[in-house]
Amino acid sequence: MILSIIIPTYNEEEYLPVLLESIKEQNFKDYEIIVADANSEDKTREIAEEYGCTVIDGGMPAVGRNNGAKIAKGEYLLFLDSDLKLTDEYLQNVIYEFRMERLGIGITQMEPLSEKTQDKIFHELANNFMIAVENIKPHGAGCYGIIAKKELHDKCGGFDEELTFGEDTDYIERLAKEERFKVLRRAKVGVSTRRIEEEGLEQVLRQYGKSTLNDFLGKRTDAEELNYTFEHKHSDAPKKNILDNISLESERLMELKEAYNKSKKKIEILSQNTDDKKEGEKKVVFYCVCGEGMGHAIRSAVMIKAISERYDVYVFSSDRAYEYLHDKFEHTYKIGGFNTVYEDNHVKNVKTFYKAIKDNPKNLKKGYQQLYKKARALKPAVIVNDFEIYGNILSNMLSIPMITLDNIHMITQTKIDYPSHETRNILKAKGVIKAYVFKPKIHILTSFFYPKIRSKKKAVLYPPVLRDEILELEPTIGDYILVYQTSKESMSLIEKLKVLDEKFIVYGFNKDETDENLTFRTFNEDQFFKDLADAKAVVCNGGFTFISESIALKKPIFSIPAQGNFEQLLNGFYVQKLGYGEYHNSMSIAKLSTFLKKLPKYQEKLNTVKTHDNKGIINELIYRIEKYSKK
């Protein structure tokens, strides 16, 4: 279960049905409701039971919330006061933002269940104050939708039951020392104004003003000091202190109302301009894609297609990736790119370096003509970068926010395992990665293995991006092995396969022919999907996308990573670590024969793998684009 909603009550037969009905109307349904009642003398308990709530004994608010948390089954706890009313899609928006921001504790903003100007101004000031101090002094203006991880609540001991006032702010402060806190922006909860009506705005301001000041001074406030009680009065008669203060406050309220109306008018004009812009224009997103191999392009094509209805996406890439993307998207432009030089499945660092130096003047010219000029003309709101160097340069030159979405940054942003003898290679890889891409707003990582992230503020991790065609396939186990090589220098590896009594379908050499037990095929997506779906195993380098798709289709993997390419080696290493197959530094008939004998073992492990769709990472990207877009 995702969510446990916990509500402390005492004599709330008038307000509780409003809250419970608003919960019932939510589209989000994965929750339970726990009502912790402090021996109500009215029909509060009966009402809660009629709505299917779990009713337990409560007490003061802190006691009731803690008692509810003790029996909660949800991953997250949502604490609500009983006189609230949820707005449309409240639960969905709260859970979405809480997860997207990787929070441990959060609170929602308020909107009064009143049309009075003073109430609107008061609650908006409270919202603005909470946001203004969220990174200085985590604060809550009441228990108006406090959400926390259950494990964090338990770790910190819940609410302090010794406090008679301000237990909600104390709770937020303590949990915020352990994990990240934020005032949520996407959802607001409707708040009753009964305390203002019963005690007067002046008294409420005095109570909360004094308690907040004490909080900032490091002191706790007692309820008796503020003449504050858990119980509410229910008389319909006007309260004397309100009547007495009306004449004194009328002039001030008229001034506030006038200021509010002016602000409201400005907001309406701004909102109208924003709406007009939304109708006539979309945000411009530059999507820059590494041109080496096909993996970056395949992944990026899925993401670009997913966001293209919402944004005007301009794609920039090089080499084969450009050709692939150009066939799919109208606004695709060719830029220069760096390519690794391979010989006999080994990275040649010196030749790669000299090739980069040689090509750099031409690449800079292409980059300027395409990226820089178009950025000046189109003014992109954000750059999404799949490990492409010139998009990174553009981001820093023009101060355009950048989001990375790739698997490469697993090397720098997570605590990966790797062979102990590869320490030199990982240091080299980290240096290259940090030179290619630096200072993004966030790293959206995609991977088939899940090590711990170094900093949750800098990176988020999702399963691999899979093409729709892969997700729709129904794999079978055929009588051949699919071989996928992206380096033409790998032909010597392929020749060794002829001595085996097995059929092989080979991709990556741009030819259609049969050579003994080897069937070579030029790349055709439809045919490739069919061949991959029906293969009994695959032989490949260490390319991330092909390995990810093979895992999704439950295909045992024999990986020969290109020597000197740490990213490929890492992928192969985790294939073996997770039991999906093997990786080797070189091909040999003996190694491949041994691998084939173990296919049932690898198949059994792969059959336990759950395949995920792309909704999570797509929503993450859209969320980050909206959050970081250049204004």
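Taken as a whole, the structure leaves ILE470 outside the set of residues that are modelled with pLDDT of 85 or more, out of contact with any Cys (no Cβ under 8 Å at 6 or more places or on another chain) and more than 27 Å from HIS612 (Cβ to Cβ). Restricting attention to segment 508-559, the residues that are β-branched (Val, Ile, Thr), at pLDDT 95 or above and touching a Pro at 6+ places or on another chain (Cβ under 9 Å) total 3.
With respect to the stated conditions, VAL189 fails to be in the same structural domain as LYS116 (by TED's automatic domain parsing), without any contact (Cβ under 8 Å) to a residue 40 or more places away in the chain, on the phi < 0 side of the Ramachandran plot and among the β-branched types (Val, Ile, Thr). When segment 59-90 is filtered for residues that are closer than 17 Å to ASP170 by Cβ, of a type in the set (D, E, K, R) and part of a loop (DSSP other than H, G, I, E, B), only ASP81 remains. Within segment 38-61, identify whether any single residue is among the aromatic types (Phe, Trp, Tyr) and in contact with a strand residue (DSSP E or B) (Cβ under 6 Å, 6 or more places away or on another chain), and answer yes or no. For segment 38-61, residues among the aromatic types (Phe, Trp, Tyr) and in contact with a strand residue (DSSP E or B) (Cβ under 6 Å, 6 or more places away or on another chain): absent. Considering segment 386-426, the residues that are in contact with a Pro (Cβ under 7 Å, 6 or more places away or on another chain) and in a strand (DSSP E or B) include one that is farthest from PHE316 (Cα to Cα), namely THR414.
For LEU125, the criteria (1) crowded, with 17+ Cβ neighbours inside 10 Å; (2) closer than 26 Å to VAL18 by Cβ; (3) among the hydrophobic types (A, V, I, L, M, F, W, C) hold in every case but one, which is (1).
Step by step: first the residues of segment 1-43, then only those that are β-branched (Val, Ile, Thr) and part of a helix (DSSP H, G or I), then the one that is nearest to LYS149 (Cα to Cα). Which residue is that? For segment 1-43, the residue satisfying everything is ILE23.
For the residues ILE453, ILE444, ILE433, the requirement of being within 16 Å of ASN571 (Cβ to Cβ), crowded, with 17+ Cβ neighbours inside 10 Å and outside the structural domain of ASP526 (by TED's automatic domain parsing) singles out ILE433. Residue selection: LEU493 fails the criterion of being under 18 Å from ARG299 (Cβ atoms), surrounded by 15 or more Cβ atoms within 10 Å (Cβ to Cβ) and out of contact with any strand residue (DSSP E or B) (no Cβ under 8 Å at 6 or more places or on another chain). Of the numbered criteria (1) on the phi < 0 side of the Ramachandran plot; (2) crowded, with 20+ Cβ neighbours inside 10 Å; (3) among the small types (Gly, Ala, Ser), the one ALA132 fails is (2). Can SER586 be described as within 16 Å of VAL538 (Cα to Cα) and at pLDDT below 90? Against the criterion (within 16 Å of VAL538 (Cα to Cα) and at pLDDT below 90), SER586 qualifies.
Can you name the residue in segment 111-149 that is assigned to a helix (DSSP H, G or I) and β-branched (Val, Ile, Thr) and, of all such residues, is farthest from the chain's Cα centre (by Cα)? Ranking the candidates gives THR117 first. Contact annotation: residue pairs with Cβ atoms under 9 Å, 6 or more positions apart or on different chains, pairing a residue in segment 427-446 that is in contact (Cβ under 8 Å) with a residue 60 or more places away in the chain and closer than 17 Å to GLY564 by Cβ with a partner that is of a type in the set (Asp, Glu) and outside any loop (DSSP other than H, G, I, E, B), are ALA429/GLU567. Just one residue in the set THR44, THR54 is of a type in the set (S, T, N, Q), touching an Asp or Glu at 6+ places or on another chain (Cβ under 6 Å) and surrounded by 16 or more Cβ atoms within 10 Å (Cβ to Cβ); that residue is THR44.
Residues of segment 556-608 being of a type in the set (Val, Ile, Thr) and surrounded by fewer than 23 Cβ atoms within 10 Å (Cβ to Cβ), which ones? Within segment 556-608, ILE589, THR594, THR608 meet the criteria.
Comparison of THR404, THR352, THR340 shows that the only residue that is polar (S, T, N, Q) and at pLDDT 90 or above is THR404. No other residue among ASN396, ASN407, ASN425, ASN385 is polar (S, T, N, Q) and within 21 Å of THR332 (Cα to Cα) apart from ASN385.
Would you point out the residue of segment 492-530, among those that are within 26 Å of LYS597 (Cβ to Cβ) and part of a helix (DSSP H, G or I), that is farthest from the chain's Cα centre (by Cα)? The qualifying residue farthest from the chain's Cα centre (by Cα) is VAL499.
From the list LEU398, LEU445, the lone residue that is under 25 Å from the mean Cα position of the chain (by Cα) and at pLDDT 85 or above is LEU445.
The values are calculated or read from the model by the stated rules, or taken from the named source; none is laboratory data. Source: prediction; values computed, not measured. A quick note on method: Cβ atoms are made from the backbone with ideal geometry, for glycine too, and the neighbour counts reach across all protein chains shown.
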